[in-house]
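K.L.:
What follows is a structure written as structure tokens; I'll ask about it next.
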Amino acid sequence: MPLLTYEQARPWAKAIRAAVFNGKMPPWQADPRYGKFSNDLSLGPGEKEKLIAWVDAGAKEGDPGDAPKPIAFPEGWRIPKPDVVFEMPEEFDVPAKGALDYQYIPVPTHFTEDKWVEMAEVRPGDRSVVHHAIVVVDTGTGANNQEYLAGYAPGSSPQVWKPGQARLIKAGATLVFQMHYATTGKAARDRTRIGLIFAKKPPTERIVSMQVMDPSLTIPAGNGNFRVDASLTIQHAARLAGMRAHMHLRGKSFQFRAVYPNGETEILLDIPKYDFNWQPYYYLETAKVLPAGTRLECTAYFDNSANNPFNPDPNAVIRWGPQTWDEMMIGWLDIAMTVGQEHSLRGELRQ
């Protein structure tokens with residue numbers, strides 16, 4: 001339901017109160033004890049109490065003259081008007097039933113020069129059937145020729161980096177849309193697109209992506225608290241800009257940690273109650289310095305029991321797979337490297 005005006009929000013006042021009181025909204029799962037994030041959606045001191053008091057007092061309308069100006073969303077984008085938009089060349093027909101293979105759809109950029117991207121947003125044409133979408137940059141220069149650009153998952157937000165930070169798209173590169181569709185019982189058509197905003201001046205840091213994951217995971221049937229660990233050691237000094245956890249319907253909790261060369265351990269992000277419907281990036285207010293030799297650890301817990309109302313089949317042994325009824329365990333990392341030095345990390349980017 002839209003909640004842009006008083007008239008739209010008023011009928012939902014009691015539901016808003018319940019969601020705010022229970023902490024379901026705003027959708028922000030990070031434990032506030034660990035890390036400070038620039039895109040924190042949680043309510044500030046006193047805001048929760050003010051909302052609840054407003055509803056309890058009858059949810060009355062304030063003075064319309066005090067209302068802020070309506071937010072203008074250019075062509076439906078959450079970022080400012082994109083400098084360029086790329087979309088799938090044609091609509092993809094999603095049947096009402098059945099499992100679909102991943103779709104890999106190339107879209108040439110025709111860029112004649114390198115481009116630095118400081119904002120990116122992936123928007124499904126029909127989000128009801130898009131399980132997730134990943135857009136990678138393919139330079140066609142060798143076996144390791146693809147690099148993550150941006151993605152969409154339920155509840156995700158646009159990727160916006162700080163001034164001086166940007167992702168690189170090389171001249172002549174092709175964007176590959178990796179599409180994971182899920183059938184819903186109703187036929188649909190999708191034409192996903194990505195909007196890009198270019199940096200206005202050369203950046204000082206290049207944002208690159210890394211993954212901490214365990215594709216060998218095997219979750220026993222009926223286990224309500226199954227632990228999976230994965231780690232990655234940084235061989236060159238870098239700065240951590242952001243993190244995102246990805247699991248499927250059995251995901252229960254997710255934690256990111258850094259183990260520094262001196263043996264000290266720091267919790268970077270803790271998500272005690274993972275929600276498949278909200279998978280945002282968590283962008284650090286201040287990038288975390290990672291000395292060479294830092295080990296990045298991720299720990300995830302899964303609930304494969306009958307107590308999990310979202311569990312498709314608590315009697316099944318679950319392994320890694322692309323479909324929603326399979327599972328994944330991925331800790332996505334946005335790493336900031338000084339432009340000109342980022343090639344030192346090249347061998348680690350795809351681990």
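The values are calculated or read from the model by the stated rules, or taken from the named source; none is laboratory data. All figures in this text were calculated on a predicted structure; none of them were measured in a lab. Positions of Cβ are generated from backbone atoms using ideal geometry, with glycine treated the same way; all protein chains shown enter the neighbour counts.
K.L.:
Looking only at the stretch 166-176, decide whether some residue is in contact with a Pro (Cβ under 7 Å, 6 or more places away or on another chain), under 24 Å from Ile330 (Cα atoms) and either part of a strand (DSSP E or B) or in the same structural domain as Ile79 (by TED's automatic domain parsing) (or both).
P.N.:
Yes, there is a match, as at least one residue in the stretch 166-176 is in contact with a Pro (Cβ under 7 Å, 6 or more places away or on another chain), under 24 Å from Ile330 (Cα atoms) and either part of a strand (DSSP E or B) or in the same structural domain as Ile79 (by TED's automatic domain parsing) (or both).
K.L.:
Go through Val122, Val136 for me and flag whichever is among the hydrophobic types (A, V, I, L, M, F, W, C), more than 16 Å from Ile197 (Cβ to Cβ) and either assigned to a strand (DSSP E or B) or without any contact (Cβ under 8 Å) to a residue 24 or more places away in the chain (or both).
P.N.:
So the residue among Val122, Val136 that is among the hydrophobic types (A, V, I, L, M, F, W, C), more than 16 Å from Ile197 (Cβ to Cβ) and either assigned to a strand (DSSP E or B) or without any contact (Cβ under 8 Å) to a residue 24 or more places away in the chain (or both) is Val136.
K.L.:
Would you mind stating whether Lys201 is within 21 Å of the chain's Cα centre (by Cα), at negative phi and in a loop (DSSP other than H, G, I, E, B)?
P.N.:
Criteria not met by Lys201.
K.L.:
Kindly establish whether Gln235 is of a type in the set (S, T, N, Q), within 19 Å of Gly35 (Cα to Cα) and not in a strand (DSSP E or B).
P.N.:
Criteria not met by Gln235.
K.L.:
Step by step: first the residues of the stretch 29-65, then only those that are of a type in the set (Ser, Thr, Tyr) and at pLDDT below 95, then the one that is nearest to Pro11 (Cα to Cα). Which residue is that?
P.N.:
Ser42
K.L.:
State yes or no: is Lys97 assigned to a loop (DSSP other than H, G, I, E, B) and touching a helix residue (DSSP H, G or I) at 6+ places or on another chain (Cβ under 8 Å)?
P.N.:
Against the criterion (assigned to a loop (DSSP other than H, G, I, E, B) and touching a helix residue (DSSP H, G or I) at 6+ places or on another chain (Cβ under 8 Å)), Lys97 does not qualify.
K.L.:
Among the numbered criteria (1) in contact (Cβ under 8 Å) with a residue 40 or more places away in the chain; (2) surrounded by fewer than 14 Cβ atoms within 10 Å (Cβ to Cβ); (3) over 21 Å from Pro322 (Cα atoms), which single criterion is violated by Gly185?
P.N.:
That leaves (3) as the condition not met.
K.L.:
Mind listing just one residue for me: the one in the stretch 200-219 that is loosely packed, with under 12 Cβ neighbours inside 10 Å and not small (Gly, Ala, Ser) and, of those, nearest to Lys170 (Cα to Cα)?
P.N.:
Pro202
K.L.:
I've got another one for you. Taking the stretch 125-169 only, how many residues are touching a helix residue (DSSP H, G or I) at 6+ places or on another chain (Cβ under 9 Å) and surrounded by fewer than 18 Cβ atoms within 10 Å (Cβ to Cβ)?
P.N.:
Selection size over the stretch 125-169: 1.
K.L.:
Return the total of residues in the stretch 130-155 being in contact with a Leu (Cβ under 9 Å, 6 or more places away or on another chain) and under 30 Å from Lys186 (Cβ atoms).
P.N.:
Result for the stretch 130-155: 4.
K.L.:
Scan the stretch 6-28 for residues that are exposed (fewer than 15 other Cβ atoms within 10 Å of the Cβ), part of a loop (DSSP other than H, G, I, E, B) and modelled with pLDDT of 90 or more and report the count.
P.N.:
Summing the residues that are exposed (fewer than 15 other Cβ atoms within 10 Å of the Cβ), part of a loop (DSSP other than H, G, I, E, B) and modelled with pLDDT of 90 or more in the stretch 6-28 gives 2.
K.L.:
When the stretch 177-198 is examined, which residues are found to be polar (S, T, N, Q) and part of a strand (DSSP E or B)?
P.N.:
Result: Gln178, single match.
K.L.:
Of all residues in the stretch 205-224, how many are closer than 30 Å to Gly340 by Cα and either of a type in the set (Gly, Ala, Ser) or free of Cβ contacts under 8 Å to residues at least 60 places away in the same chain (or both)?
P.N.:
Of the residues in that region, 1 qualify.
K.L.:
Go through (1) over 16 Å from the mean Cα position of the chain (by Cα); (2) under 30 Å from Val339 (Cα atoms); (3) not in a loop (DSSP other than H, G, I, E, B) and name the single condition Arg227 misses.
P.N.:
Single failed check for Arg227: (2).
K.L.:
Considering only residues of the stretch 55-94 that are assigned to a strand (DSSP E or B) and either in the same structural domain as Thr324 (by TED's automatic domain parsing) or aliphatic (A, V, I, L, M) (or both), which is farthest from Ala173 (Cα to Cα)?
P.N.:
Val94
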